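Remarks on the structure that follows.
The values are calculated or read from the model by the stated rules, or taken from the named source; none is laboratory data. Quantities reported herein were computed from a predicted structural model and do not represent experimental measurements. Here the Cβ positions follow ideal geometry from the backbone for every residue, glycine too, while neighbour counts run over all protein chains shown. Calculation scope for accessible area: heavy atoms of the full protein, side chains included, ligands and nucleic acids excluded. Shrake-Rupley method; radii C 1.70, N 1.55, O 1.52, S 1.80 Å.
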Amino acid sequence: KIEGKTAEDVAHDISKFWGNYSWVHNLQTVLIMEQLNQSKYNDGYFLELENTPTKVKFSMNKMGTYYFSNRTENGQFKGVSQKDLNILRKIFYENLAKDKGWKLTWEERAGDFIVTLQSK
């Protein structure tokens, strides 16, 4: 925000940094990655809904902005909103799926997202 970048700009910068996602070996790596990501937060939430060699489906909490460890659903912290953070996550998964040749389905619900990744 300080540099005048949008959430989309930052998401693409992050994807460029990670390159070809070579550290994501398979769909199950994504499950572990997101479960660990959610565990960083007191209100993190992860639920594995499907896990096969060719398809994973999970629910993950929408990220919130925090102000001295207090989550704000609709507020901003240093110009960053919850919407910005969730745009970052969606673009991350879109870029990952594109790079790996996977199909992504992204369903937004009131408090979470349902993410489905399927390999060919």
Here the qualifying pairs (Cβ atoms under 6 Å; residues six or more apart or on different chains; first in region 29-52 and free of Cβ contacts under 8 Å to residues at least 24 places away in the same chain; second small (Gly, Ala, Ser) and open to solvent by less than 70 Å² (accessible area, probe 1.4 Å)) come out as Gln38/Gly44; Leu47/Ser59
task: Could you tell me whether any residue of region 15-29 is modelled with pLDDT under 80, in a loop (DSSP other than H, G, I, E, B), touching a strand residue (DSSP E or B) at 6+ places or on another chain (Cβ under 8 Å) and not aromatic (Phe, Trp, Tyr)?
output: no
Taking region 68-104 and the residues there that are more than 16 Å from Tyr21 (Cα to Cα) and loosely packed, with under 12 Cβ neighbours inside 10 Å, the one that is modelled with the highest pLDDT would be Gly79
